[in-house]
Amino acid sequence: MTEHRVIVVGGGAAGLMAAGQAAELGAETLLSLAEFITHFGRNGRFLRQAFSGFFTAELVAFLEELGVPTVTGRGGRVFPSSNKAQDVVDALVRWAGKCGVTLVTRSPVERLVVERGRVVGVEVSGGRVYGGGRVIIATGGASYPATGSTGDGYRLAESVSH
């Protein structure tokens, strides 16, 4: 079993931010990165709209530091200046890598590994197991399956009685 101190399941914005922050704080971090942006179509319009309600001054400043200039549109919604959601994803992936996050792609998490009543890792498709001291589930909900929000996080959490 490969050991990691923190495993983050879900490669959307929340998962990338969680993984990057854990790594910045010194944790050895593994991120199971799905094909996140491909679910949003060519321009990622849904992503921009969904993110627009959650931006704060600090997050806008963070994106600027990552090289993603933003613009504020109608109704105070914030978008990447390029109008490409992929620019945000690319910047977050680069940042997570610079922080020391190990990115694992095309390996959906099939189940949480539990020993003596404690989550100790994850098993990905193909049967590979990654061990970790902590597992963060950041897979999103199930409200819009076309975006990749399939509810896998609910299934994983329910498997350990949450």
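The values are calculated or read from the model by the stated rules, or taken from the named source; none is laboratory data. Here the structure is a predicted model, which means the values were calculated and not measured. We place every Cβ from the backbone using ideal geometry, glycine too, and count neighbours over all the protein chains shown. Heads up: the accessible areas ignore ligands, DNA and RNA and are worked out on the full protein's heavy atoms, side chains in. Shrake-Rupley method; radii C 1.70, N 1.55, O 1.52, S 1.80 Å.
Residue ranking by accessible heavy-atom surface, 1.4 Å probe, largest first, among Lys84, Lys98 comes out as Lys98, Lys84.
Work out, step by step, the length gained on full extension between Glu58 and Thr105: first 0.36 nm times the residue separation, then minus their alpha carbon distance; give nm to one decimal.
14.1 nm
Estimated from the Cβ-Cβ distance and a Förster radius of 30 angstrom, the FRET efficiency linking Arg94 and Thr72 is about 0.80. Summarising the label geometry, the points placed 7 Å from Cα in the beta-carbon direction at Ser81 and Ala142 lie 4.2 nm from one another. With a Förster radius of 41 Å applied to the beta-carbon distance between Glu65 and Glu115, the computed FRET efficiency rounds to 0.55. Among the protein heavy atoms of segment 67-162, carbon and sulfur supply 49% of the accessible surface, probe 1.4 Å, non-protein parts ignored.
Of Glu24, Glu123, Glu58, the residue with the largest accessible area leads and the full order is Glu58, Glu24, Glu123 (1.4 Å probe). Ordered by solvent-accessible area of protein heavy atoms (1.4 Å probe), largest first, the residues Leu31, Leu59 come out as Leu59, Leu31. Normalised by residue number, the volume inside the convex hull of the Cα atoms of segment 77-132 is 135 Å³ per residue.
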